[in-house]
Amino acid sequence: MKKKFRILKILVTVITFGFLLSFSLKRFNEKPMEKVSVKMTETKEPVYFIDEKEVKELVKKSNPTKKVGDINIPELEKKLNNLPGVDSANVYLNLNGNLNLNIKQRVPAFRLTKNGEDFYVDEKGVEFPISKNYSFPCMLVTGNVKKAEYVQLAELINKINKDDFSRKYFIGVSKTKNDYNLLTSEGNFKVEIGDLENIDLKVKGFKAFVNKYLIYQSPEKYTKVSLKYDNQIVTTLNPSFEENDSIISVGKKELAKLPVIAERKEKAEKKSSVSASSANTKKTAKKPVKNTVAEAKSEKKVAITPEKTETKRKATVKVE
């Protein structure tokens, strides 16, 4: 009997608790949403692709009745995450009926112009469109950059931005065919780095070139400084720079000699081939003159026989 009473008591308690809970939930859902709190998560660089006013406007459209029970939190969170400039969004309600939104915006690593389109790329390699209301200051990249190279290119630009020397010299990146070039602020020459491997070593080599050589030269002297080859730096002179005229003219003279040298070499080779062929013909012409051993013996026999007959005839003549 006591056991039945205890079970009945538990059952009544659960029913009462469920009734109170449903009543509380109904009352909570009917409660107006008193406050919408928007918090922008701090990023390494401040960005303003989306503002608090825009977020609240989106919340208002998602919940026109302004009741707590009418808002679809997962759906609202999905809409916020689909915004181009939003990296992540977290939406939740507290017990007071206040709606809280924590939003983290995307930070562009670079701005890419490719195939006539212009857009941003973040450090994760995600593309997102340019904003009409806000422009983020970042390095401009041009050329047919593959999506698989976005992250590695973002790392390169991040290293440039952190280094005072590199930030001073490099203002952009371009890709021509399969080679990357760093555009410079001084002299308008480009620094060819080839692929995106061994970037630290290549930048270190360029620093050494600048500190030990370029500081004593005019930056207008070159059109290109190539770092794509291992352990060497190759420069291309600017033909429009006056001081390069003498160097370029000497180089052209040296290049002009190359066809003459090649022509002389070709003539010498022809002469040697002609002399060799004539020597071979002489050797082949002498061969028929030589007789075999048998022929030589027969000749000797023929020459000896007449002499013997002649001596006999003389002898007979003397006898008469």
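The values are calculated or read from the model by the stated rules, or taken from the named source; none is laboratory data. Keep in mind that this is a model prediction, so the values were computed, not measured. Reconstructed Cβ throughout: ideal geometry from the backbone, glycine too, with neighbour counts over all protein chains shown. Accessible surface is based on the protein model in full, side chains and every heavy atom, while ligands, DNA and RNA are left aside. Shrake-Rupley method; radii C 1.70, N 1.55, O 1.52, S 1.80 Å.
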(message) Any residue in the range 68-80 that is closer than 18 Å to ASN96 by Cβ sitting within a Cβ distance under 7 Å of a residue that is among the basic types (Lys, Arg) and not in a helix (DSSP H, G or I)? List the pairs, counting only those 6 or more apart or interchain.
(response) VAL68/LYS31
(request) Go through the range 20-52 residue by residue and tally those that are open to solvent by 100 Å² or more (accessible area, probe 1.4 Å), modelled with pLDDT of 90 or more and either among the β-branched types (Val, Ile, Thr) or assigned to a helix (DSSP H, G or I) (or both). (result) 0
(request) Identify all residues within the range 137-153 that are hydrophobic (A, V, I, L, M, F, W, C) and within 22 Å of GLY116 (Cβ to Cβ); write none if there are none. (result) CYS138, MET139, LEU140, VAL141, VAL145, ALA148, LEU153
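Among residues belonging to the range 156-167 that are surrounded by fewer than 17 Cβ atoms within 10 Å (Cβ to Cβ) and in contact (Cβ under 8 Å) with a residue 12 or more places away in the chain, point out the one that is nearest to ASN198 (Cα to Cα). If you could, list the steps in order and put the result at the bottom.
First, the residues of the range 156-167 that are surrounded by fewer than 17 Cβ atoms within 10 Å (Cβ to Cβ): 158-159, 161-165, 167.
Then keep just the ones that are in contact (Cβ under 8 Å) with a residue 12 or more places away in the chain; that gives 158-159, 161, 163, 165.
Working: ASN158: 15, LYS159: 12, ASN161: 17, ASP163: 16, PHE165: 18 Å.
Step by step, filter the range 156-167, then rank; the result is LYS159.
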(request) Could you look through the range 71-83, keep only residues that are more than 16 Å from LYS56 (Cβ to Cβ) and not in a loop (DSSP other than H, G, I, E, B), and pick out the one that is most open to solvent (accessible area, probe 1.4 Å)? (result) LYS78
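Quickly run through the range 119-153 and pick out the residues that are charged (D, E, K, R) and within 17 Å of LYS175 (Cβ to Cβ).
So the first thing to find is which residues in the range 119-153 are charged (D, E, K, R), and the list is 122-124, 127, 132, 146-147, 149.
Matches in the range 119-153: GLU127, LYS146, LYS147, GLU149.
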(request) May I ask you to list the residues in the range 167-190 that are on the phi > 0 side of the Ramachandran plot and basic (Lys, Arg)? (result) LYS177
(message) Test of understanding: among LYS60, LYS146, which residue is without any contact (Cβ under 8 Å) to a residue 12 or more places away in the chain, over 30 Å from ASP195 (Cα atoms) and surrounded by fewer than 17 Cβ atoms within 10 Å (Cβ to Cβ)?
(response) LYS60
(message) With the structure loaded, tell me whether ASP163 is under 15 Å from THR142 (Cα atoms) and within 22 Å of the chain's Cα centre (by Cα) or whether it fails that test.
(response) no
(request) Spot the failing condition for LEU237; the list is (1) modelled with pLDDT of 80 or more; (2) of a type outside the set (Asp, Glu); (3) open to solvent by 80 Å² or more (accessible area, probe 1.4 Å), and only one is missed. (result) (3)
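Can you work out which of the residues in the range 168-211 that are among the acidic types (Asp, Glu) and not in a helix (DSSP H, G or I) is least open to solvent (accessible area, probe 1.4 Å)? Explain how you work it out, then say what you get.
Of the residues in the range 168-211, the ones among the acidic types (Asp, Glu) are 179, 186, 192, 195, 197, 200.
Next, from what is left, pick out any that are not in a helix (DSSP H, G or I): 179, 186, 192, 195, 197.
Working: ASP179: 39, GLU186: 68, GLU192: 21, ASP195: 81, GLU197: 98 Å².
Filtering the range 168-211 for residues that are among the acidic types (Asp, Glu) and not in a helix (DSSP H, G or I), the one least open to solvent (accessible area, probe 1.4 Å) comes out as GLU192.
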(request) Would you check which residues across the range 212-228 are aliphatic (A, V, I, L, M) and surrounded by 15 or more Cβ atoms within 10 Å (Cβ to Cβ) and list them? (result) LEU214, VAL225, LEU227
(request) Quick one: which strands (runs of 3 or more DSSP E) lie wholly within the range 92-142 and hold at least 2 residues that are free of Cβ contacts under 8 Å to residues at least 60 places away in the same chain and exposed (fewer than 14 other Cβ atoms within 10 Å of the Cβ)? (result) 117-122
